[in-house]
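The values are calculated or read from the model by the stated rules, or taken from the named source; none is laboratory data. Predicted model only: the values in this text are computed from it and were never measured. A quick note on method: Cβ atoms are made from the backbone with ideal geometry, for glycine too, and the neighbour counts reach across all protein chains shown.
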Amino acid sequence: MLVVDLILGALVALVCGLDRVAVLQIMISRPIVAAPLAGWLLGDIEVGLQVGLMIELLWLARLPVGAAVPPDDTQVAIAGTVLSVALGKLLGLEGIEFILLCLLVAIPFGKFGQFFDRFARTRNRRTMERAEAALEAGNLSAAELYHLSGIAKFSMAALGTYAVIVGGGVLLVPLLAPVLLSGLEHSAEWIRLALPVVGIAVVIGTINVNRSLTLFSASFGMAFLLMWLV
Amino acid sequence: MMNLSPLIRLRVWLRLFLLQGSWNFERLQGLGFFFALYPALQKLYRDEQLQQVCREHAGYFNTHPFLAPSVAGAVLEMEQRRSRNEEQAVNIQDFKEMVAAPYAAVGDAMFWGGLRPLTAGIAILFAVKGIILAPLIFLLLFNLLPFWFRIFGFIYGYRNGIRSLEFLQQHRLPDWAIRIKETAVVLLGGVSAFLVFQQLQAEQIPKGLGFLAIPLVLILALCARRGISTLLLVLLTTAIIICLSLFGFEPTAWL
């Protein structure tokens, strides 16, 4: 069953991973979509929704502008969901503490996504050189195919990142679970709150808006006051 | 030479969804732009002229993927004119250079910097309430504006050619980008308040303490502004919360 779950996760990783840069960009790569999709395929959409909710805002401030490559939050969200559901079934563990453990293991591995993504883009230089050679030779259809072959490199990057995060998780989560789950027992709900709030803080801190901190504080204060008093 | 049929234009538009398929650090979207235009160029040119035009379009090109259809539409109209040997005020490559960078800047600010946090914030509100349609709500809300630009930008560009340069000015897109970002900041303030309020309610902690979240978020925001990575902030925050709970810090008991 673990293998089937990992393969299903890989399918989601491939489709959503391509949406990040190479194909469509309709945002199925966002954690709030990709994680519930993985969870739904694995039979537990609620876990996916929890993971998506916690990861969505973390790297939202890292814009994919020009040559900038943000950490791969898509694969972190998908792998985090797959680990939570598949390993949870295998180890007989569930609940927010276990989801958080899987996520805390998956999040640092998101940095590998940048490495794989850069590798794909660097390899695409050769694709471009070949396409240019084909254009010089008058073989225009070949140049078209070279462009499409670039998508294959982004596919490999998405699957590579997914494999590293899931591989790392499968090795580390069973080792860390006995040590960390008890520590997470009393703090899980606060960490669940902290992850999206840290993401929001990073967005507020880095967004290019005049008086963003003032606007945020006023909005927070007003909304909180309304909820409290009404 | 002929005008481009709607079917050819549709093929070009659909191919623009693969614009970044061979993205690389040297030519960025260049090869993808050639790939998208190729069905139209095949209709407009023959033999060596076709080869020459294809080589031109495979050069450096970079703009925002949601605004690329506007550029492609205008380029198609200009290519039609060139194929008929009509004189044009601006060279096609110069036109691409002229519009690509401003479109990229406005698109990045509007879609990545503003619309994405705004719609993500709304979707998170639904997700917190356990509504499983939250992902679909996000997809619907986010994609409305990009698809409007992808569809009508392409049509507008094709109809107006070089005059589509006025698009940015006419629609005051830079102003819209700023407004969307400001709205996102306000909404994220509301989302944070909601998350904190829910947590305090669940833990039965006095609500007034929720206001303490403002300075905490501001400290984190200033850390992020000073270049401290998100990963480090996440790990530090998590470690602090775990340590506090391990050392028996129970907010309810403490209060």
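Annotations for the structure displayed:
- Look at the stretch A:125-143: where a residue is on the phi > 0 side of the Ramachandran plot and a partner is surrounded by 14 or more Cβ atoms within 10 Å (Cβ to Cβ) and assigned to a helix (DSSP H, G or I), sitting 6+ places away or on another chain with Cβ atoms under 7 Å, you get A:GLY138/B:GLN51.
- Verdict on A:THR127 being assigned to a helix (DSSP H, G or I), closer than 24 Å to A:PRO70 by Cβ and either facing another protein chain (nearest Cβ under 9 Å) or touching a His at 6+ places or on another chain (Cβ under 6 Å) (or both): yes
- The helices (runs of 4 or more DSSP H) found wholly in the stretch A:1-87 and carrying at least 3 residues that are more than 12 Å from chain B (Cβ to nearest Cβ) and within 11 Å of the chain's Cα centre (by Cα) occupy A:73-82.
- Within the stretch B:113-134, none of the residues are under 16 Å from B:PRO69 (Cβ atoms) and of a type in the set (Ser, Thr, Tyr).
- Residues of the stretch B:48-77 that are among the polar types (S, T, N, Q) and farther than 12 Å from A:LEU135 by Cβ: B:GLN49, B:ASN62, B:THR63, B:SER70.
- When the stretch B:100-142 is filtered for residues that are more than 10 Å from chain A (Cβ to nearest Cβ), more than 15 Å from the chain's Cα centre (by Cα) and crowded, with 23+ Cβ neighbours inside 10 Å, nothing remains.
- Filter pass, B:PHE17 being closer than 11 Å to B:ALA72 by Cα, free of Cβ contacts under 8 Å to residues at least 60 places away in the same chain and not polar (S, T, N, Q): no
- Residue satisfying all of: in the stretch B:224-243; assigned to a helix (DSSP H, G or I) and more than 7 Å from chain A (Cβ to nearest Cβ); modelled with the lowest pLDDT among these: B:CYS243
- For A:THR81, the test of being out of contact with any Ser or Thr (no Cβ under 9 Å at 6 or more places or on another chain) and modelled with pLDDT of 95 or more is passed.
- Qualifying residue in the stretch B:172-188 (condition: facing chain A (nearest Cβ under 8 Å), farther than 24 Å from B:PHE149 by Cβ and part of a helix (DSSP H, G or I)): no
- Of all the listed residues (B:LEU10, B:LEU31, B:LEU50), the sole one being free of Cβ contacts under 8 Å to residues at least 40 places away in the same chain, away from chain A (no Cβ under 14 Å) and not β-branched (Val, Ile, Thr) is B:LEU10.
- From the list B:GLY107, B:GLY157, B:GLY130, the lone residue that is farther than 15 Å from A:VAL33 by Cβ and either touching a residue at least 60 places away in the same chain (Cβ under 8 Å) or in contact with an Asp or Glu (Cβ under 7 Å, 6 or more places away or on another chain) (or both) is B:GLY157.
- Scanning the stretch B:160-174 for residues that are within 16 Å of the chain's Cα centre (by Cα) and without any contact (Cβ under 8 Å) to a residue 12 or more places away in the chain returns no hits.
Conditions tested, residue by residue: (1) more than 9 Å from chain B (Cβ to nearest Cβ); (2) in contact (Cβ under 8 Å) with a residue 12 or more places away in the chain; (3) out of contact with any Lys or Arg (no Cβ under 6 Å at 6 or more places or on another chain).
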site: A:GLY150; (1), (2), (3): no, yes, yes
site: A:LYS153; (1), (2), (3): no, yes, no
site: A:LEU184; (1), (2), (3): no, yes, yes
site: A:TRP190; (1), (2), (3): no, no, yes
site: A:VAL198; (1), (2), (3): no, yes, yes
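- Count of the stretch A:206-230 residues which are polar (S, T, N, Q), more than 7 Å from every other protein chain (Cβ to nearest Cβ) and assigned to a helix (DSSP H, G or I): 1
- Of the residues contained in the stretch B:49-57, none is found to be in the same structural domain as B:GLY153 (by TED's automatic domain parsing), of a type in the set (Asp, Glu) and not in a helix (DSSP H, G or I).
- Filter pass, B:PHE194 being in contact (Cβ under 8 Å) with a residue 12 or more places away in the chain, within 7 Å of chain A (Cβ to nearest Cβ), in a helix (DSSP H, G or I) and not polar (S, T, N, Q): yes
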